[in-house]
Amino acid sequence: MARGIEIRAAHFPGRAPIDSYGNGGFRFADMSHRGSILCLPSGIYGWEMDVTKPLSPENFIRVLDEAGDIEVLLVGTGPELKRLPPELKQALKARGISSDPMSTGAAVRTYNIMLAESRAVAAALIAV
């Protein structure tokens with residue numbers, strides 16, 4: 001019986017440094033992903049986010065669900081730094097997460113350093 005292509009939600013079940021970014025995606029763990037990603041303690045996930053969508057608590061549900069294992073969330077806001085809306089900062093802070101917005105490039109570099117130091121870091125990275 002022939003089967004068609006199975007499409008699953010993108011997920012890498014582990015922590016890995018980001019090898020490169022740009023052209024609308026990221027490379028990590030000998031793989032590439034087109035689009036934005038969430039780098040969480042439970043793995044790296046595809047994230048339906050781009051610079052046109054609002055940074056709202058609803059778009060960070062997966063991050064909030066893993067709050068117990070995250071001390072710092074780096075938010076790569078695209079090619080330029082964008083401030084986090086007060087309601088998002090408050091939702092993260094209420095769960096014990098310190099948030100730090102920056103350009104996606106700066107967030108990737110900082111994430112890799114903090115990951116190498118075995119820190120409780122996560123990253124929400126909007127593709128550029």
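In the set L88, L74, which member is hydrophobic (A, V, I, L, M, F, W, C), over 20 Å from R15 (Cβ atoms) and free of Cβ contacts under 8 Å to residues at least 60 places away in the same chain?
Going through L88, L74 in turn, the sole match is L88.
Under the condition of being touching a strand residue (DSSP E or B) at 6+ places or on another chain (Cβ under 9 Å) and of a type outside the set (A, V, I, L, M), which residue from region 110-128 is surrounded by the most Cβ atoms within 10 Å (Cβ to Cβ)?
Top of the filtered list is Y111.
Quick check on region 58-65. Is at least one of its residues touching a residue at least 24 places away in the same chain (Cβ under 8 Å) and of a type in the set (F, W, Y)?
Yes, the conditions are met somewhere in region 58-65.
If we scan region 73-82, do we find a residue that is touching a strand residue (DSSP E or B) at 6+ places or on another chain (Cβ under 7 Å), under 15 Å from I37 (Cα atoms) and hydroxyl-bearing (S, T, Y)? So that I can check it myself, show each step before the final result.
Residues of region 73-82 touching a strand residue (DSSP E or B) at 6+ places or on another chain (Cβ under 7 Å): 73-77, 81-82.
Now narrow it down to the ones that are under 15 Å from I37 (Cα atoms): 73-77.
Restricting the remaining residues to those that are hydroxyl-bearing (S, T, Y) gives 77.
Yes - at least one qualifying residue is present in region 73-82.
Bear in mind these aren't lab numbers, they're just calculated from the coordinates by the rules spelled out. These numbers were taken from a predicted model, which means no experiment stands behind them. Because the Cβ atoms are built from the backbone with ideal geometry, glycine has one as well, and the counts that use them run over all protein chains shown.
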